[in-house]
Amino acid sequence: MNRTKLSLVLMLVAVTVVTCINPIYPQEQILQHAGTLLLMLPLAADVVRNRMPSSAFIGIACFTLLHIVGARYIYSYVPYREWFAAVGVADAAFLQGTRNHYDRLVHFSFGLLMFPCLVWLCRRWIGQRQILPILVAWLIVQTGSMIYELFEWTLTIVMTSEEADYYNGQQGDMWDAQKDMALAMAGSSVVAVCYLVKSKFRR
């Protein structure tokens, strides 16, 4: 059992519990934590097996942490402006505008932080070839992002408009889905380029 990985998982569990105390949006937060459970399962399994590279494990853990924070405030109301102002990074006018951009950060981070795990899996499935696993991992990110946006669209059909807006975090932007997918693509593209450059120097 890897103690570092175990510590990260226990930290995520603790943060989840703390953020569920006196929930602001109880029903929506429960629904959001379905994603938390899905992210925690491979982490918990790897604590015992210890097969996943550290970069992949840490990437999933960081993305899970971002999601847990987003679930607390159902993404649309994460008070990051206030946090920046409190620590003196920026004043209260930082990132002015009516839209809360936290969900944009998380979509970008999906591509950025999940990519190492996907490359590792693709190398196990496809083999240790230089470019193909990286390309397939990049395509998986885009497919996963698209499927998630379709899932959000499905919610708008089965839920009330208010409940769907709380979960989806669209905030009145008709191009929200396209922008979210573009950010996931951008995040994965940044890491894909790093992997390609690294593989070129290994030859």
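Details
- The helices (runs of 4 or more DSSP H) found wholly in the range 1-90 and carrying at least 3 residues that are aromatic (F, W, Y) occupy 80-86.
- N22 meets all of the listed conditions (1) closer than 24 Å to F108 by Cβ; (2) at pLDDT 90 or above; (3) polar (S, T, N, Q); (4) loosely packed, with under 11 Cβ neighbours inside 10 Å but one, namely (1).
- R104 vs. criteria assigned to a helix (DSSP H, G or I) and basic (K, R): yes
- Filter pass, A93 being exposed (fewer than 13 other Cβ atoms within 10 Å of the Cβ), among the aliphatic types (A, V, I, L, M) and modelled with pLDDT under 95: yes
The values are calculated or read from the model by the stated rules, or taken from the named source; none is laboratory data. Predicted model, so just to flag it, every value in this text is computed and none were measured. Cβ coordinates were reconstructed from backbone atoms using ideal geometry, including for glycine residues, and neighbour counts include every protein chain displayed.
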